[in-house]
Amino acid sequence: MKDTLRDVMQVIKLAEKLKYELRHSWLSNGRRESVAEHTWRLSLMAMLIEPLMEEKLDTAKLLKMVIIHDLVEAEATDVPAFDTLDNEEVKALKQARELQAIDHLRDILPHELGLEVHQLWMEFEDKKTLEAKTANALDKLEAQIQHNEASIDTWLPVEHKMSFMLGKHADFHPVLKELKELIEEEADEKLREAGIETDTLKA
């Protein structure tokens, strides 16, 4: 058992990097957000939103997926969404580094646990099951909530338009669509208060 626990400890220690791996997101107090902080609030969102959905989701799987999905960034680092938006080369490099990282995590952990972590991550990436689609939608929505809470000075111009591109992730479910609409309304208000016209951004 000690050998097994030593293997598990390797991943736990690796995950500490997520506490200081910074995202391109800023908090309302002016500090940059860590990956671990994003994952924590995303887990809270999953816990609070899942009961509002009529379908019976596998709650344990949803939460595991949410917790695991960014674990690869302990090795692959965080790549902002806008870097891969119109750049297939960066997107391919990001995917390759993350696949290498999740394979490494699978190999570190005891066989069955390693396989579960690997399968959950791959399921999240495939975005086909209801749990994976929900986890992905909440992941994108949490990021926009954080942007809305940060100073508009921290936003890049590309993020103005990206604030209204959440439908492709969330519109598959009425609850998530309504949540998206609330978040987009906040973004719209923030941008307009900063003197930024939003009608063209939504087109």
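The values are calculated or read from the model by the stated rules, or taken from the named source; none is laboratory data. Computed from a predicted model, the values in this text were never measured in an experiment. No Cβ is skipped: glycine too gets one built from the backbone with ideal geometry, and neighbour counts run over all protein chains shown. All accessible areas refer to the heavy atoms of the entire protein, side chains included, with ligands and DNA or RNA removed. Shrake-Rupley method; radii C 1.70, N 1.55, O 1.52, S 1.80 Å.
Couple of notes before you dig in:
- A count restricted to the stretch 156-198 and to residues that are in contact (Cβ under 8 Å) with a residue 60 or more places away in the chain and either open to solvent by 30 Å² or more (accessible area, probe 1.4 Å) or touching a Lys or Arg at 6+ places or on another chain (Cβ under 7 Å) (or both) stands at 5.
- The set of residues from the stretch 51-97 being within 15 Å of Phe124 (Cα to Cα), of a type outside the set (A, V, I, L, M, F, W, C) and modelled with pLDDT of 90 or more comprises Asp58, Thr59, Lys61, Lys64, His69, Asp70.
- Lone unmet requirement of (1) in a helix (DSSP H, G or I); (2) closer than 22 Å to Arg41 by Cβ for Val158: (2)
Yes/no per residue for (1) under 24 Å from Pro157 (Cα atoms); (2) out of contact with any Asp or Glu (no Cβ under 9 Å at 6 or more places or on another chain); (3) open to solvent by 60 Å² or more (accessible area, probe 1.4 Å); (4) in a helix (DSSP H, G or I):
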position	(1), (2), (3), (4)
Asn29	yes, yes, yes, no
Thr39	no, no, no, yes
Asp103	no, yes, no, yes
Asp107	no, yes, yes, yes
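- In the stretch 8-27, the residue that is nearest to the chain's Cα centre (by Cα) out of those that are part of a helix (DSSP H, G or I) and surrounded by fewer than 16 Cβ atoms within 10 Å (Cβ to Cβ) is Lys19.
- Matching entry among Glu75, Glu54 (being surrounded by fewer than 19 Cβ atoms within 10 Å (Cβ to Cβ) and not in a helix (DSSP H, G or I)): Glu54
Conditions tested, residue by residue: (1) assigned to a helix (DSSP H, G or I); (2) open to solvent by 60 Å² or more (accessible area, probe 1.4 Å); (3) modelled with pLDDT of 95 or more; (4) within 16 Å of Glu73 (Cβ to Cβ).
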site: Glu116; (1), (2), (3), (4): yes, yes, yes, no
site: Leu120; (1), (2), (3), (4): yes, no, yes, yes
site: Glu123; (1), (2), (3), (4): yes, no, yes, no
site: Glu131; (1), (2), (3), (4): yes, no, yes, no
site: Asn136; (1), (2), (3), (4): yes, no, yes, yes
site: Asp139; (1), (2), (3), (4): yes, no, yes, yes
site: Glu142; (1), (2), (3), (4): yes, no, yes, yes
site: Ile145; (1), (2), (3), (4): yes, no, yes, no
site: Asn148; (1), (2), (3), (4): yes, no, yes, no
